[in-house]
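Working notes, structure below.
The values are calculated or read from the model by the stated rules, or taken from the named source; none is laboratory data. In this text, all values refer to a predicted model and were calculated from it rather than measured experimentally. Cβ atoms come from the backbone with ideal geometry, glycine included; neighbour counts cover every protein chain shown.
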Amino acid sequence: MSIKKFKNSQELYERGQAHLVGAVNSPVRAFKSVGGSPLFISSAKGSKIIDVDDNVYIDLVLSYGPMILGHRFPAVEKKIKKALRHGYSFGASSKGELKLAKMICSAFGSMDKIRFVNSGTEAVFSAIRLARAFTGKDQIIKFSGGYHGHADALLVAAGSGLATLSLPGSKGVPEDAVKNTLVAEFNQIESVKNHIKENHNIAAIIIEPIPGNMGVVLPNEDFIKGLNQLAKEHKILIIADEVMSGFRSKFGGAQDLIGLNADITCLGKVIGGGFPVGAYGARNEIMEMVAPLGPVYQAGTLSGNPIAMAAGIATLKELKKQNPYKKFNKIAAKIEKAFLKGSKEFDLPVQVNRFGSMVNPFFTKEPVTDFPSAQKSDTEMFKIFFWEMIQEGLFIPPSQFESWFLCSSMTKDEIKKVTSGIHTALKKVAETVKVTR
Ligand SMILES: *Cc1c(COP(=O)(O)O)cnc(C)c1O
């Protein structure tokens, strides 16, 4: 195999520093946690993505989730092109919004009405405003390692880019903005109970039903049961942040699969099919508090954008038609198997957590069940692993704490390439670690 060169990416990365912050528009793209210079992408099609040096990769990032069908899926592209012919933005309602809203509400038992916004971040901070208005209370509980976008109140013990960079939140967030945010530990119901015992002003518990931003972590049953019960007893709303987990393991939410009684649900990523879309929704009683029906203000110039709606509708339609969820489980199981086999063969500490089209290997001996256990992962090993995967033509997220994503366009051959690439990359990790020990 020839060694991949990144000359053009490197050049753009240097040039990009002039007028973009760190040459990127979202920190994880800078490859800080794996070192080296980040890839610049020129195009993508199906499960393949191509960088500006013409290196071809199987894409396991998929724009951090949205491209669940693969890139430029024909049925989706057709609808986008058609929508483009009718105009780009109207500042008034259009039919696509009704259609996508109906599709989503029908897929979630917990939602009668929905409001479209432009990102997951926006969906979450709007949902919190709504929960506060509905309950007349101010405090929220979040879980450490849970990432809910970059609104001030939620940049406390957050995962995603913050987990990778080990930042304690963010500069520029005033103490006042986070004084109502209480942090609990995922899968540890006592940590939630303790907050409820000591605080009587809690509006909501915000949770990723399947956390994906501290790496993928699975909730245990008793924990979810406990949350449902506490929320009911103390009139606290549950905000299910399904921006990542939505439509990942079934057509609808992870909340159904794990039995979480969500009051408000946040969505994003998949429902926009690659365009900037977010949404929050709930039963009528809650949603009718939002303007123009109620006193909670929330607006957006481009919200419900017709092109984005067309992409979302086509994506969900195709997902329903393909029903790729069994396929996702099979692929994910093969990836897990490749890791466990390699870990045994090369004597490496590896754990694999997965849920539908989300898969996450961790370089650690102990099971990963919460943020502290995820953080025990050996990020040096991950670095070596990452670059070897790149050499193998496999684009994975440049962070130990980001989920890999699967798309339904993957072929048998591509799956084989992924599993054999994992084997090769693990071997490289073992060899490198041996030399430096
Ligand atoms: C990605 C993500 C967000 C933020 O969505 P953006 O569209 O990036 O603003 C919020 N919550 C979760 C769980 C996410 O995975």
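Take residue 69 and tell me if it is touching a residue at least 24 places away in the same chain (Cβ under 8 Å), in a loop (DSSP other than H, G, I, E, B) and closer than 25 Å to residue 12 by Cβ.
Numbers: touching a residue at least 24 places away in the same chain (Cβ under 8 Å): yes; in a loop (DSSP other than H, G, I, E, B): yes; closer than 25 Å to residue 12 by Cβ: no.
Here the answer is no, as residue 69 does not meet what is asked.
What residue, of 417, 344, is more than 30 Å from residue 251 (Cβ to Cβ) and surrounded by fewer than 21 Cβ atoms within 10 Å (Cβ to Cβ)?
Details: 417 fails: more than 30 Å from residue 251 (Cβ to Cβ).
None of the others qualify; the one that does is 344.
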### Qualifying helices (runs of 4 or more DSSP H) (wholly inside the stretch 316-397; at least 3 residues being under 19 Å from residue 62 (Cβ atoms) and at pLDDT 95 or above)
325-345, 379-391
### Query
Are there any pairs with C-beta distances below 7 angstrom linking a residue in the stretch 370-382 that is within 14 Å of residue 33 (Cβ to Cβ) to a residue that is surrounded by fewer than 22 Cβ atoms within 10 Å (Cβ to Cβ) and β-branched (Val, Ile, Thr), with the two at least 6 apart or on different chains, and if so which?
377/364; 378/364; 381/433
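Within the stretch 91-98, is even one residue assigned by TED's automatic domain parsing to the domain that holds residue 213 and farther than 18 Å from residue 279 by Cβ?
Let us first name the residues in the stretch 91-98 that are assigned by TED's automatic domain parsing to the domain that holds residue 213, namely 91-98.
This time we only want the ones that are farther than 18 Å from residue 279 by Cβ, so: 91-92.
Yes, some residue in the stretch 91-98 is assigned by TED's automatic domain parsing to the domain that holds residue 213 and farther than 18 Å from residue 279 by Cβ.
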### Query
Does residue 243 fit the bill of being touching a Lys or Arg at 6+ places or on another chain (Cβ under 6 Å), closer than 22 Å to residue 127 by Cβ and within 16 Å of the ligand (Cβ to nearest atom)?
yes
### Query
If you go through the stretch 120-159, how many residues are in contact with a helix residue (DSSP H, G or I) (Cβ under 8 Å, 6 or more places away or on another chain), of a type in the set (A, V, I, L, M, F, W, C) and outside any helix (DSSP H, G or I)?
7
